[in-house]
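For reference, the structure is listed below as structure tokens.
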Amino acid sequence: MAQLWITSVPVLCVHSSYFYVALLATAFTFEFGSGSEQSDQNAFRAGNLVSPGAATARDVRYLLYDVNPPEGFNLRRDVYIRMASLLKTLRKQEDWVLVLPPWGRMYHWQSPDIHQVRIPWGAFFSLTSLQANVPVLEYEEFIAESGGPFIDQVLVLQNYAEGWTEGEWEEKVDERPCIDRLMYTGDKQGYHRGWFWGYDETRALSVTCLSVQGHASILAPFLQKNITAASVLLDRAETLLHDHYAGKDYWDTRRSMVFAKHLRVAGDQFRAKYLNSTDEQDHTPFSEDWTRMRTKLGSAKGGPYLGVHLRRKDFIWGHREDVPSLKGAVKKIRSIMKKNKLEKVFVATDAVEEEVSRLKKMLPEMIQYEPSWEDIELLKDGGVAIIDQWICAHARYFIGTSVSTFSFRIHEEREILGFDPKTTYNRFCGDAEKECEQPTHWKIVY
Ligand SMILES: Nc1nc2c(ncn2[C@@H]2O[C@H](COP(=O)(O)OP(=O)(O)O)[C@@H](O)[C@H]2O)c(=O)[nH]1
Ligand SMILES: [Mg+2]
């Protein structure tokens, strides 16, 4: 751990000209990002910068983060949980706020002609619910509050170039030269430009790389002692592990991720209209205040339908052996319906049209949530996916796809609603899969 405590020399703090400081700092860090010697440049570490208005009003510090671009919506939801844990640890000593990374440019969001970038979290989640767990800010609020579209320090998280030493797992953090080519470029003014969720006017004052191996909160001492920047963006935040997967803190954060009301309402209306499913009949009461929701396992009955999540697209390209053929999936669906005496089946899927029509031929009674173009324009692909998840979460019985985080999030939602685990932790098996291990039951810790 000794390497962790690089002494930070607060030289730059005393300079008055913000612009000069920014320029100087970026010039240095840019170089060391491209692999040159970092020997005595630590004295000029941009971590000592403070953004224009920020730290003056109150000593609030902002934690921002981003995730590897190819990752989908539901893994990103998992990374949020890790960041919330880190934030809670940071807040034991300082006043930190978590800035929510806007949604957009997601590989799976392919609806044509629909603007899907710079989407705030409020479009998908209830902000008051998130706030009841940790203090959060939308990115635009951060810009307004912190004094402009500037992020003091970007830390690009990466593994260790040398891998695990001697095969021993050890938790550690060290500033290191960047291993991969940076996704940030220096501009003429000495700032750093990058994706920044489509906010083109955003600039970073410094970009450096940080090798890290360990759980999220391992970064807390580093952020508190080695860095004095008011706003810090952790890029590639998925590099950090959960502090304690499925522990109380995990579940508190997970329970606070309540879907936005308009999406829940749309899902509930669909359930009532097409699936004969209401919270009253199904014993799935819902409280707007998640802190008051505490169900008993097995208390939820669910609507009279089978919920199916059939993940296709990239899950079948590699002919993965844990994903069934459409024919195999239909066979399994029929057998579950028969066994559970269910006449209706709701199917959520990302399958391409051609596959959906083949599926419908084999399973003509299947029910899908089919939004119009205007619906998608309003709800976005992310909202439509949430409605699919919400409907699956209320089914009497659910079966999902192996290792899909989309299915995992449905498991959690059902756990929150109080379903018997036997009706939740089920997945399809590949047609020729020998040992078809079923998903793990993660019990809520209240
Ligand atoms: N509407 C809808 N979208 C889906 C469904 N399955 C997958 N998707 C889309 O594909 C993405 C899959 O990526 P991700 O959320 O990371 O889940 P994973 O890749 O299955 O672990 C989702 O976020 C959705 O955008 C589905 O059943 N319904
Ligand atoms: Mg994915």
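With the condition kept exactly as written, say whether any residue in the stretch 347-364 is more than 16 Å from ligand 2 (Cβ to nearest atom), closer than 20 Å to Thr278 by Cβ and surrounded by 17 or more Cβ atoms within 10 Å (Cβ to Cβ).
No; the residues of the stretch 347-364 include none that is more than 16 Å from ligand 2 (Cβ to nearest atom), closer than 20 Å to Thr278 by Cβ and surrounded by 17 or more Cβ atoms within 10 Å (Cβ to Cβ).
Quick one: which residue in Val308, Val323 is over 18 Å from Phe419 (Cα atoms) and either hydrophobic (A, V, I, L, M, F, W, C) or open to solvent by 40 Å² or more (accessible area, probe 1.4 Å) (or both)? Answer to the check: Val323.
In the stretch 384-395, the residues that are open to solvent by 10 Å² or more (accessible area, probe 1.4 Å) form Cβ pairs under 6 Å with partners that are near ligand 1 (Cβ under 8 Å from one of its atoms), at six or more places apart or across chains, as follows: Asp388/Ala348; Asp388/Tyr369. With within 12 Å of ligand 1 (Cβ to nearest atom), among the small types (Gly, Ala, Ser) and more than 20 Å from the chain's Cα centre (by Cα) as the only criterion, which of Ala395, Ala351, Ala432, Ala385 stands out? Within the list Ala395, Ala351, Ala432, Ala385, the selection yields Ala351.
When the helices (runs of 4 or more DSSP H) confined to the stretch 52-142 are screened for residues that are within 15 Å of the chain's Cα centre (by Cα) and acidic (Asp, Glu), those reaching at least 1 such residues are found at 73-91.
Residues that are open to solvent by 50 Å² or more (accessible area, probe 1.4 Å) and within 19 Å of Glu140 (Cβ to Cβ) within the stretch 92-108 comprise just one, Arg105.
For the stretch 273-305, the set of residues classified as surrounded by fewer than 14 Cβ atoms within 10 Å (Cβ to Cβ) and in a helix (DSSP H, G or I) consists of Lys273, Glu280, Gln281, Thr291, Arg292, listed by residue number.
Pairing residues of the stretch 69-84 that are without any contact (Cβ under 8 Å) to a residue 60 or more places away in the chain with residues that are open to solvent by less than 20 Å² (accessible area, probe 1.4 Å) and more than 8 Å from ligand 2 (Cβ to nearest atom), at Cβ distances under 6 Å and at least 6 apart in sequence or on separate chains, gives Arg76/Val67. Within the stretch 134-173, the only residue that satisfies the criterion of being open to solvent by 30 Å² or more (accessible area, probe 1.4 Å), in contact (Cβ under 8 Å) with a residue 60 or more places away in the chain and either under 19 Å from Ala220 (Cα atoms) or not assigned by the TED database to the domain that holds Ala204 (or both) is Asn159.
The values are calculated or read from the model by the stated rules, or taken from the named source; none is laboratory data. If you're wondering where the values come from, they're calculated on a predicted model, not measured in any experiment. Methodologically, a virtual Cβ is constructed for each residue, glycine included, from the backbone with ideal geometry; neighbour enumeration extends over all protein chains shown. The accessibility values were calculated without ligands, DNA or RNA, using every heavy atom of the protein model including side chains. Shrake-Rupley method; radii C 1.70, N 1.55, O 1.52, S 1.80 Å.
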